[in-house]
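Chemist: The structure's right below; bear with me while I get my questions together.
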Amino acid sequence: MTRSTDIRRWIIDHYLQDGLDGSELRLETRPMPELAPGQVLIKTRLLSLDASNLLWLSEREDYLPQLQIGDPMRGHIIGQVDASRHPAFSEGQHVVSLQSWSDYIVADGDTLLDDALTMTLELHPEIPLDAYVGTLGLTGWSAYAGMIDVGQVQPGERVLVSGAAGATGIMAAQIAKAAGARVYGLAGGAKKCQLLVETLGLDGAIDYKGCDDLQAAIAEVIPDGVEVFFDNVGGETLDAVLPNMALHGRIVASGSVSQYGKAAQYGVKNLPLVTTKRLRIEGFMILDYLDRVPAMLETLEQWFLEGRLLNQNHLVQGLENAQAALPTLMSGGNTGKLAVYLD
Ligand SMILES: NC(=O)c1ccc[n+]([C@@H]2O[C@H](COP(=O)([O-])OP(=O)(O)OC[C@H]3O[C@@H](n4cnc5c(N)ncnc54)[C@H](OP(=O)(O)O)[C@@H]3O)[C@@H](O)[C@H]2O)c1
């Protein structure tokens, strides 16, 4: 590997207000420092762009410490150890870690070892690297924990996934299919719906952008009611699904991407149905399931090698294009995992 003499990283210039304006971050270049004893130099190979990036860029409280103006932007990466002055890390080793939007990361080896969000990665020789950013990465683990541990999906159950062609949703849908459920997806656009049904074998898909009345469209496709709803979108989508839930249905609250970065949050009107339909709504954070990742990864790798999981990524080339790619998550421009390839 050729090592750069500089490090480039995206710095927070200002918080987002009501949606992204595309200038929240600025790209900074600084000289590559000498590694001190105990430090590790990681070269970023893939930077994951996640819906949670919008939360981290806002001043609203979320599940991680608030980033400050002038801080490097936080992001999940797959990196490769470029140089090490720590005995536990060796050159060439791959790591997944929550770091920053940088092409190189200088990290303290002991801190990496203590960090639950940093793991060394044994790449399977028959699996491409980019599969580890989505299908076998954090969004894959989240979908697994949400659908299996929280949703406790059972064979034959009617499952609906919102944001079904996005990174987390596409995995949640495939995992529910692998568990033997009848699976339906909500996605924006006929092309995404076609992929869900024709390529992934879902039992149905609804183009929410192409229908006037989403609640009625769901009732038509799933007349007996949704038993498990894996919700990535929240807001109006959740409102349209609630009347379509079966008695005693479960809602896995994965996230509410439709509301991220918005100044005014949508108030869900149909929440009283949670009582009358005896529903259970349960949120989860993947951070609480990290000890299960090695086991999840083993299952996901096996399903991947058996051809049961599609590696569907939307890759953008070059760290300099990261900020411009972020709004894709709000416009629905991505199918599958949005990530930046730095190689
Ligand atoms: N709980 C956890 O631990 C955990 C972990 C990871 C991710 N998540 C959650 O998973 C969700 C998806 O995140 P991701 O990073 O995988 O992003 P993603 O699904 O790859 O991208 C977001 C997708 O959401 C859809 N979308 C955006 N705005 C929408 C709106 N107003 N109404 C309906 N759909 C909209 C778009 O697809 P369309 O073209 O279909 O509109 C877009 O492609 C987020 O809510 C995130 O917080 C949760």
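Chemist: Kindly indicate the residue of region 57-68 that is away from the ligand (no atom under 16 Å from the Cβ) and in contact (Cβ under 8 Å) with a residue 40 or more places away in the chain and also farthest from R8 (Cα to Cα) among those meeting that condition.
Modeler: Step one: of region 57-68, the residues away from the ligand (no atom under 16 Å from the Cβ) are 59, 65-68.
In the following step, the residues that additionally are in contact (Cβ under 8 Å) with a residue 40 or more places away in the chain were identified as 59, 67-68.
Values: E59: 25, L67: 18, Q68: 19 Å.
Among residues in region 57-68 that are away from the ligand (no atom under 16 Å from the Cβ) and in contact (Cβ under 8 Å) with a residue 40 or more places away in the chain, the one farthest from R8 (Cα to Cα) is E59.
Chemist: So, one more: Which members of region 323-338 meet the condition of being within 10 Å of the ligand (Cβ to nearest atom), closer than 20 Å to I12 by Cα, out of contact with any Phe, Trp or Tyr (no Cβ under 8 Å at 6 or more places or on another chain) and among the aliphatic types (A, V, I, L, M)?
Modeler: Passing the criteria: only L329.
Chemist: Related question: Return a yes/no flag: does region 41-56 have any residue that is within 16 Å of the ligand (Cβ to nearest atom), in contact with a Ser or Thr (Cβ under 6 Å, 6 or more places away or on another chain), touching a residue at least 60 places away in the same chain (Cβ under 8 Å) and within 25 Å of T335 (Cα to Cα). If you could, list the steps in order and put the result at the bottom.
Modeler: Here is the first cut: in region 41-56, the residues within 16 Å of the ligand (Cβ to nearest atom) are 46-56.
From the residues that got through so far, the ones that are in contact with a Ser or Thr (Cβ under 6 Å, 6 or more places away or on another chain) too are none.
No, region 41-56 contains no residue that is within 16 Å of the ligand (Cβ to nearest atom), in contact with a Ser or Thr (Cβ under 6 Å, 6 or more places away or on another chain), touching a residue at least 60 places away in the same chain (Cβ under 8 Å) and within 25 Å of T335 (Cα to Cα).
Chemist: Residues that are under 19 Å from Q93 (Cα atoms) and of a type outside the set (D, E, K, R): find the strands (runs of 3 or more DSSP E) completely inside region 1-49 holding 3 or more of those. Don't jump to the end; show me each part of the working.
Modeler: Details: elements: 6-12, 25-31, 39-48.
It comes to 39-48.
Chemist: Only one residue in V257, V252, V268, V293 is within 11 Å of the ligand (Cβ to nearest atom) and out of contact with any strand residue (DSSP E or B) (no Cβ under 6 Å at 6 or more places or on another chain), so which one is that? Explain how you work it out, then say what you get.
Modeler: Values: V252 fails: out of contact with any strand residue (DSSP E or B) (no Cβ under 6 Å at 6 or more places or on another chain); V268 fails: within 11 Å of the ligand (Cβ to nearest atom); V293 fails: within 11 Å of the ligand (Cβ to nearest atom).
On inspection, the qualifying residue turns out to be V257.
Chemist: Restricting attention to region 166-207, which residues are more than 15 Å from the ligand (Cβ to nearest atom), farther than 20 Å from G255 by Cα and crowded, with 22+ Cβ neighbours inside 10 Å?
Modeler: A181
Chemist: Still on this structure, I have one more. Working only within region 197-230, note down all residues that are touching a residue at least 40 places away in the same chain (Cβ under 8 Å) and in contact with a Lys or Arg (Cβ under 9 Å, 6 or more places away or on another chain).
Modeler: If the condition is that a residue be touching a residue at least 40 places away in the same chain (Cβ under 8 Å) and in contact with a Lys or Arg (Cβ under 9 Å, 6 or more places away or on another chain), then L200, A205, I222, D224, G225, V226, E227, V228, F229 are the ones that fit.
Chemist: Now a separate question. Out of all the residues in region 88-121, which are assigned to a loop (DSSP other than H, G, I, E, B) and in contact (Cβ under 8 Å) with a residue 12 or more places away in the chain?
Modeler: Pass one, region 88-121, residues assigned to a loop (DSSP other than H, G, I, E, B): 88-93, 101, 103, 115-118.
Residues satisfying the conditions are A88, F89, G92, Q93, W101, D103, D115, A116, L117, T118.
Chemist: Mind checking which residues of region 134-154 are more than 15 Å from R308 (Cβ to Cβ), aliphatic (A, V, I, L, M) and either near the ligand (Cβ under 8 Å from one of its atoms) or under 12 Å from the mean Cα position of the chain (by Cα) (or both)?
Modeler: Matches in region 134-154: L138, A145.
Chemist: Within region 269-298, which residues are touching a helix residue (DSSP H, G or I) at 6+ places or on another chain (Cβ under 8 Å), within 21 Å of L54 (Cα to Cα) and in a loop (DSSP other than H, G, I, E, B)?
Modeler: Selection gives F284 alone.
The numbers here are math on the coordinates, done by the rules we state, and not lab data. The structure displayed is predicted, hence computed values, not measured ones. Glycine gets a Cβ as well: all are built from the backbone with ideal geometry, and neighbour counts include every protein chain shown.
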